[in-house]
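Structure first, then comments.
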Amino acid sequence: MASNAPENKGRGKLTKRDISRLGLRSIFNQSAMNYERMQADGWTLAMIPALKKIYKDDKEGLANAMGANLQFINTNNYAAPLLLGLEASLEEHGEKRSTIDGLRIALFGPLAGIGDAITWFTILPIVAGITASFAKQGSILGPLVFFLVYVALFFARIPIAQLGYNAGTKAISKIRENSAIVSHAASILGCTVIGGLIATYVQITVKTKIPVSAGHTISIQTQFFDRIFPNILPLGYTFLLYWLLKKKNVSPVVLILATFVLAIALSWLGVL
Amino acid sequence: MSVTLMQGLLIALFAIIAGIDFWLEGFYIFRPMIVCTVTGAILGNLTLGIIAGGLTELAFAGLTPVGGTQPPNPIMAGVMTVVLAYTTGKTPATAIGLALPFSVLMQYIILFYYSAFSVLTKKLDTYAANGETKKFTRLALLPTWIVALSYGLIAFLCVYGAQEPMRALVNSMPTWLSHGFEIAGSILPAVGFGLLLKSMLKAEYVPYLLLGFTAACFIKFGNLMPVAVIGVALAFIEYYHNKRSMDNEKKIKTMIDNAGGNGDDSDGI
């Protein structure tokens, strides 16, 4: 029974200042951007002070939380503080690991979509369009306004993080009532979204065409793989890697290097 | 007009700062609007910088690093547009085109780094597992410093001294190699997902993974929102289903307890 109830004793509390700091630290989100786990390293780096304060002397708890945060994540950089704040509130109140991870995984993709639509496809074109018209006439107002807008947006990370934290704190009492069922539901949500992520992020397109008769060729990709199921190669390759990682205990570094070499070699051969 | 050594060093220093800013997406001083203006100021022709900034910003408006993709590099585009307009006397509009190879060069360096830095995650896993926050912080920041130095070096070489060899380098790069980098970038997330599944996937969740995958394959939409909504729907179905059975279990349990109590009372009859 005790294992089912969220553990709350001995945890540090986060202050409003801690959350503001978290908002500013969201700048680290892309500090170690890479194709394997995208922003995971920087995301964890941003979370470290908050996690240290929450787990205090509980070294094992801290290690677990850091490890769990170090999983694939790729979101918009202004959505990151929102998600960081939300996660900090859940960590602080000792929600189940699977609840926290499930929600984070489920939310980063949609938030990336919304965030990119706002920052890259709405704010940037408007700001760039207006300031460029000044700049083309040689007016310093162009670059100056551009700069000021983005400095303001940078500091907006602080209220965005507070927003996420408060949303999380409000949701906690609801989660608390049925923590086991909620964590199961969160895992379902997480796994559904991972399925979608595989279909959108992993891209493998075979270029090879087989000549069947004079002047007639069959494209392996469009006339074979795509007819079986779209994105079947990404799904197959992801499961192959999952199998190698889980059952054969192959190191991720080996898989990264193998994938990289394979990609270059197949590009050279003209297969991909 | 030519660029002096001092100006070359100053531009390299600014490229380092803007490079870090682009890597982290902080203050957007990496956009051509700011890069061109600062480069112009360093070269002593602020107006040229501002005008080039307006033109290059518009030219790069559609090229955004969304979803982990990497467009031609805005910093090198901005720096070289102004430098080439300054040194050759051509109009900024023409210089944008001439600057493109340098922008592409930096784009491929960053693409290579995206793949290369994947190797660091294993070591970070170890630090995380031991809760070593100091070592973790140092290593997680290392890529940022590597990127910063690369910007300084490439910007200096392109601006001062080695402009022609740099252009030749870009033009001689075989397409299979650059294409290979792009392919590697689009397959490598599979390793991240494999690791994610290793920690999250239980047999009972496989159906949901397949549902999400299939939904994303057939729903053509700009982001994963539809898949997430389907996920939320599935999660709620399961949530209410479980909650009902848990409530029923409780009811049955109290009924049994009550029945058991009555049984004891009536035992004597």
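Just so you know, all these numbers are worked out from the coordinates, no wet-lab data involved. Predicted, not measured: the structure shown is a model, and the values here were computed from it. Every residue, glycine among them, receives a Cβ derived from its backbone with ideal geometry; neighbour counts consider all protein chains shown.
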> If you wrap region B:206-264's Cα atoms in a convex hull and average its projection over all directions, what's the area in nm²?
Replying inline: 4.9 nm²
>> Could you derive backbone 3J(HN,Hα) for region B:137-143 from the dihedral phi with the Karplus parameters 6.51, -1.76 and 1.60 (θ = phi - 60°), listing whole Hz in sequence and x where the residue is Gly or Pro?
In response: 4, 4, 6, 6, 8, 3, x
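Let me spell out the model: positive unit charges on the Cβ of Lys and Arg, negative unit charges on the Cβ of Asp and Glu, origin at the Cα centre of chain B. What dipole size does that give, in debye rounded to 20?
Charge dipole, chain B, about its Cα centre: 700 debye, nearest 20.
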> Where in region A:230-272 is the amide nitrogen less than 18 Å from a point lying 7 Å along the Cα-to-Cβ axis of residue A:206?
Replying inline: A:230-241, A:262-272
>> Shape verdict for chain B, please, from the Cα gyration tensor: rounded (a/c under 1.5), prolate (a/b greater than b/c) or oblate.
In response: prolate
> What FRET efficiency comes out for the pair residue A:122/residue B:218, r = Cβ-Cβ distance, R0 = 30 Å, nearest 0.05?
Replying inline: 0.60
> Given +1 on the Cβ of Lys and Arg, -1 on the Cβ of Asp and Glu, and no further charges, what dipole in debye does region A:37-116 carry about its Cα centre, rounded to the nearest 20?
Replying inline: 80 debye
> Looking at B:27, B:79, B:240, which one has the Cα that reaches farthest to the positive end of the dipole of the protein assembly as shown (charges on Cβ: Lys, Arg +1; Asp, Glu -1)?
Replying inline: B:79
>> Along the charge dipole of chain A, pointing to its positive end and built from +1/-1 on Cβ of Lys, Arg, Asp and Glu, which listed residue (A:98, A:199, A:135) has its Cα farthest out?
In response: A:98
> For chain A, with the dipole built from +1 on Lys and Arg beta-carbon atoms and -1 on Asp and Glu ones, taken about the Cα centre, which of A:43, A:146, A:117 lies farthest toward the positive end?
Replying inline: A:43
> Karplus couplings for region A:260-269 from phi (6.51 cos²θ - 1.76 cosθ + 1.60, θ = phi - 60°), rounded to Hz, Gly and Pro as x?
Replying inline: 4, 4, 4, 4, 5, 4, 5, 5, 5, 6
> For region A:138-147, what does the Karplus curve 6.51 cos²θ - 1.76 cosθ + 1.60, with θ = phi - 60°, yield as ³J(HN,Hα) per residue in whole Hz, taken in order and with x for Gly and Pro?
Replying inline: x, 8, 5, 4, x, x, 5, 4, 3, 4
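If I stretch the segment between residue A:148 and residue A:57 completely, what's the gain in nm (0.36 nm per residue apart, minus their alpha carbon distance), one decimal?
Net length gain for the segment: 28.5 nm.
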> For chain A, the longest stretch holding no trypsin sites (Lys or Arg not before Pro) located in a DSSP loop with at most 10 other Cβ atoms within 10 Å is which?
Replying inline: A:14-246
> Which of rounded, prolate, oblate describes chain A, given a ≥ b ≥ c as roots of the alpha-carbon gyration tensor eigenvalues and a/c under 1.5 marking rounded, otherwise prolate only if a/b is larger than b/c?
Replying inline: oblate
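Can you give the extra length, in nm with one decimal, that the chain gains between residue B:146 and residue B:63 once fully stretched, where that is 0.36 nm per residue apart less the Cα-Cα distance?
Gain on stretching residue B:146 to residue B:63: 27.5 nm.
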> To the nearest 10 degrees, how steep is helix B:163-172 against the longest Cα principal axis of chain B, on a 0 to 90 scale?
Replying inline: 50 degrees
> Once you sort the root eigenvalues of the Cα gyration tensor of region A:5-144 as a ≥ b ≥ c, which label holds: rounded (a/c under 1.5), prolate (a/b larger than b/c) or oblate (the other case)?
Replying inline: prolate
> Could you give the alpha-carbon Rg of region A:173-272 over 2.2 N^0.38 Å, rounded to two decimals?
Replying inline: 1.53
> Which of the aspartates and glutamates could a cross-linker span from residue B:134 if the Cα-Cα distance has to be under 14 Å and same-chain partners fewer than 8 positions apart are dropped?
Replying inline: A:41, B:125
>> Amide H of residue A:203 versus every other amide H placed in the peptide plane: which residues, excluding those fewer than 5 positions away on the same chain, fall under 5 Å?
In response: B:187
> Kirkwood Rh over Cα pairs of region A:100-161 into Stokes-Einstein at 4 °C, 1.567 mPa s: D in µm²/s?
Replying inline: 96 µm²/s
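How big is the charge dipole of region B:1-155 about its Cα centre, in debye rounded to the nearest 20, if each Lys and Arg gets +1 on its Cβ and each Asp and Glu gets -1 on its Cβ?
280 debye
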> How far apart, in nm, are the 7 Å Cα→Cβ label points at residue B:87 and residue A:232?
Replying inline: 5.4 nm
> When only alpha-carbon atoms count, how far does region B:65-145 stretch along each of its three principal axes, as whole angstroms with the largest first?
Replying inline: 58, 21, 17
>> Taking the 0 to 90 degree range and rounding to the nearest ten, how far is the long axis of helix B:5-24 tilted relative to the main principal axis of chain B, both from C-alpha atoms?
In response: 10 degrees
